[in-house]
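The values are calculated or read from the model by the stated rules, or taken from the named source; none is laboratory data. Bear in mind that the values here come from a model prediction, so they are computed numbers and not experimental data. We place every Cβ from the backbone using ideal geometry, glycine too, and count neighbours over all the protein chains shown.
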């Protein structure tokens, strides 16, 4: 069974997000933290950048944080920012670094020597599930159809993705097929370095299906280009309520590309608690709901120890799969 246990609180949060709930009670006005400096391990315009800036926007607009500043520090697959945070821990007590699933993958593969254990875990905040999509004109309408096609012609039923072999899209495809009773090693995965190239491959029939992020899948489906045949959430997600989960189709797996925040090692318990309090209150504000809805994020709130348990679980599942695939 390949499941990342999100925990009861996270499932409730995700369910709340799925029905578009927003509280009319504002936490605004009660400042919890004077200022936060957000460290972003990648360049402007990426997922980490959007998450940090969107979170800072909501926290300051709601009055929970007095001011927010931002610093982009690309390099080493995120390793440069992690190293900077660790090496300058004393002067970074007012800094929160954003990160996501790649911190787990890249520490396992040795892209950088550190792991999430070297940082102070503040909270997981949002997520983007993964999805399997096919060309809108494909005869495949479900995961059962895709698996039937794979059984007839494994090498002719390639799955594409926007990440390198061993990256997230590949791991999700392998995890899905493994949970469906197939050998992940036999799954033909073709990587593409841009979404447009992957879509062209899907339209031309070079690949039978595309493994991608749920929010991207929804955009493609809304544009009439693809059909979503499976989502890696535990429950259906409001943005595409007609798209079936993998679990509904008898494939016992779930996956979420989380994003969250880390402090420097040795961050005081008082400061950590203040950050966690500000983030928890943020979910109750209309300011956050506006940012969340605009970006198509799902609320997945995992503070402190819940975050640690979630990361350890993800590390084990991804590590076991990467060993099988020969990447570790």
Which one is modelled with the highest pLDDT among residues in the range 281-295 that are surrounded by fewer than 18 Cβ atoms within 10 Å (Cβ to Cβ) and closer than 22 Å to residue 101 by Cα? 293
Conditions (1) within 21 Å of the chain's Cα centre (by Cα); (2) over 23 Å from residue 107 (Cα atoms) -> residue 188 fails only (1)
Index of the failed condition, residue 193 passing every other in (1) part of a loop (DSSP other than H, G, I, E, B); (2) at pLDDT below 95; (3) surrounded by 15 or more Cβ atoms within 10 Å (Cβ to Cβ): (3)
Of all residues in the range 196-211, count the ones that are closer than 17 Å to residue 172 by Cα, in contact with a strand residue (DSSP E or B) (Cβ under 6 Å, 6 or more places away or on another chain) and either assigned to a loop (DSSP other than H, G, I, E, B) or at pLDDT below 95 (or both). 2
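So for the range 111-130 (the condition being under 18 Å from the mean Cα position of the chain (by Cα), surrounded by fewer than 20 Cβ atoms within 10 Å (Cβ to Cβ) and in the same structural domain as residue 34 (by TED's automatic domain parsing)), does at least one residue qualify? Let's see the steps before the verdict.
Let us first name the residues in the range 111-130 that are under 18 Å from the mean Cα position of the chain (by Cα), namely 115-116, 121-130.
Keeping just the survivors that are surrounded by fewer than 20 Cβ atoms within 10 Å (Cβ to Cβ) gives 115.
Narrowing further to those that are in the same structural domain as residue 34 (by TED's automatic domain parsing): 115.
Taking every residue of the range 111-130 in turn, at least one turns out to be under 18 Å from the mean Cα position of the chain (by Cα), surrounded by fewer than 20 Cβ atoms within 10 Å (Cβ to Cβ) and in the same structural domain as residue 34 (by TED's automatic domain parsing).
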Could you list, in sequence order, the residues of the range 27-47 that are at pLDDT 95 or above, crowded, with 18+ Cβ neighbours inside 10 Å and under 25 Å from residue 77 (Cα atoms)? 36, 38, 39, 40, 41
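For a quick check of your reading: which helices (runs of 4 or more DSSP H) sit entirely within the range 213-328 and have at least 3 residues that are within 30 Å of residue 82 (Cβ to Cβ) and in the same structural domain as residue 90 (by TED's automatic domain parsing)? Reasoning before the result, please.
On the way: elements: 214-222, 269-282, 286-295, 304-325.
Answer list for the range 213-328: 269-282, 286-295, 304-325.
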Residues of the range 131-164 being at pLDDT below 95 and closer than 26 Å to residue 314 by Cα, which ones? 161, 162, 163, 164
Of the conditions (1) in contact with a helix residue (DSSP H, G or I) (Cβ under 8 Å, 6 or more places away or on another chain); (2) within 30 Å of residue 147 (Cβ to Cβ); (3) at pLDDT 95 or above, residue 247 clears all except one; give me its number. (1)
Taking the stated definitions as given, is residue 7 assigned by TED's automatic domain parsing to the domain that holds residue 312, within 15 Å of residue 299 (Cβ to Cβ) and at pLDDT 95 or above? no
Of everything in the range 172-190, what is part of a helix (DSSP H, G or I), in contact (Cβ under 8 Å) with a residue 40 or more places away in the chain and buried (at least 16 other Cβ atoms within 10 Å of the Cβ)? Give them in sequence order. 172, 173, 174, 175, 176, 178, 179, 184
